[in-house]
Every structure is written in structure tokens, then in C-alpha cells.
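The values are calculated or read from the model by the stated rules, or taken from the named source; none is laboratory data. Bear in mind that the values here come from a model prediction, so they are computed numbers and not experimental data. Here the Cβ positions follow ideal geometry from the backbone for every residue, glycine too, while neighbour counts run over all protein chains shown. Note: areas computed on protein heavy atoms with side chains; ligands, DNA, RNA excluded. Shrake-Rupley method; radii C 1.70, N 1.55, O 1.52, S 1.80 Å.
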Amino acid sequence: MHLSAPRLRSRITCSRGVNLLGELPASARVAEVVIGICLHNQASKLPRALGSALTQQIVQQGRGVIVILDDGSSDDWQSSVEDMLSDPKVIVLTANCGSAAKARNALLDWVDEHLPAAAWVARLDADDCFACTEAVNAMVDAGEQAEARFV
């Protein structure tokens with residue numbers, strides 16, 4: 001028989017020196033939904049993705065925010081979305097994660113720690129966009145109706 005100590009689960013799955021750029025708006029602390037966008041050197045693709053996230057009905061209603069996590073980009077992506085970054089519904093984090101999976105985990109950990117009202121996190125790749133302005137709302141509704149943990 002092999003005896004070992006019980007496994008302890010760490011609350012933080014990926015601590016990679018995540019830093020918030022700017023101030024965290026008070027409205028973000030009450031957001032129910034977060035659209036998370038992790039990126040690394042995707043300046044040319046990001047405007048479409050961020051534009052898609054900003055037009056989501058749930059964000060426009062003030063129930064959602066967008067969190068961008070920059071994983072060590074060197075392509076000055078900020079200049080490609082400068083006009084959108086001034087929107088208080090957009091939060092920017094920097095980190096040094098080294099992989100897409102670690103960046104996603106770091107973003108989830110940051111949301112858990114700093115956005116207590118967030119019940120849902122929708123992931124959007126920096127080179128993608130939502131099919132329509134109601135996409136995130138539809139996913140949240142489906143998840144809540146099914147009492148699911150994820151959709």
C-alpha cells in the first residue's frame with residue numbers, strides 16, 4: 001500500500017507576473033461577464049477581434065467587460081487599437097506567460113482575483129471574432145438555463 005500526503009490544490013494555476021495597465025474601472029468590479037483576449041504579436045488581427053467584443057450586446061448593456069492579456073508582444077499592437085483602448089470596458093494586462101495555455105490560465109486567475117462578480121468568462125482568440133452581437137449573451141443564457149459550469 002502506498003501512502004502519500006493529500007494533494008493540495010493551488011488557487012493560482014499560472015502566476016506569471018500579471019500587471020494591470022492603468023486603473024481598474026469600478027464598473028468592471030460588477031461585470032457579470034468577461035470576454036478574455038490573450039495575444040502575442042497579433043497587431044494586424046486584433047482590431048477585428050476587439051471590435052467584435054466591444055459590440056457584444058452584453059458589453060453594450062454594461063454587464064460585461066473585455067480583458068486583454070498581452071503575453072510579451074513586441075509588435076506595438078496598442079497602436080492598432082488605440083481608439084478602442086480608451087473605452088472603460090477594456091482592461092489591459094501584461095504578463096510573461098510563454099504559451100497560449102498559460103496566458104489563458106493567467107487571465108482566468110486574474111479575473112477570479114480581481115473581478116468578483118464575474119460569473120462567466122468567454123474566450124476570444126485575438127485573430128477571431130464573434131458571429132453576431134448576441135453571441136456571448138446566447139452562450140450565457142444557455143449556460144444559466146442548463147445550470148452549467150461552462151458552455
Just to be sure, is Leu93 outside any helix (DSSP H, G or I), open to solvent by less than 60 Å² (accessible area, probe 1.4 Å) and within 19 Å of Ser44 (Cβ to Cβ)? no
Test Ala138 against the criterion of being within 20 Å of Leu54 (Cβ to Cβ) and not basic (Lys, Arg), and give yes or no. yes
Please pick out the residue among Val111, Val59 that is more than 16 Å from Val18 (Cβ to Cβ), in contact with a strand residue (DSSP E or B) (Cβ under 9 Å, 6 or more places away or on another chain) and touching a residue at least 24 places away in the same chain (Cβ under 8 Å). Val59
Using the structure shown, decide if Asp87 is closer than 11 Å to Ile37 by Cβ, open to solvent by 20 Å² or more (accessible area, probe 1.4 Å) and at pLDDT 95 or above. no
Any residue that is modelled with pLDDT of 95 or more, part of a loop (DSSP other than H, G, I, E, B) and exposed (fewer than 13 other Cβ atoms within 10 Å of the Cβ) - is there at least one of those in segment 132-144? no
For segment 102-131, the count of residues that are open to solvent by less than 50 Å² (accessible area, probe 1.4 Å) and either in a helix (DSSP H, G or I) or aliphatic (A, V, I, L, M) (or both) equals 12
I'm checking my understanding of the structure. Among residues of segment 18-47 that are part of a helix (DSSP H, G or I) and surrounded by 13 or more Cβ atoms within 10 Å (Cβ to Cβ), which one is farthest from the chain's Cα centre (by Cα)? Pro47
Is one or more of the residues making up segment 65-76 open to solvent by 20 Å² or more (accessible area, probe 1.4 Å) and touching a helix residue (DSSP H, G or I) at 6+ places or on another chain (Cβ under 8 Å)? no
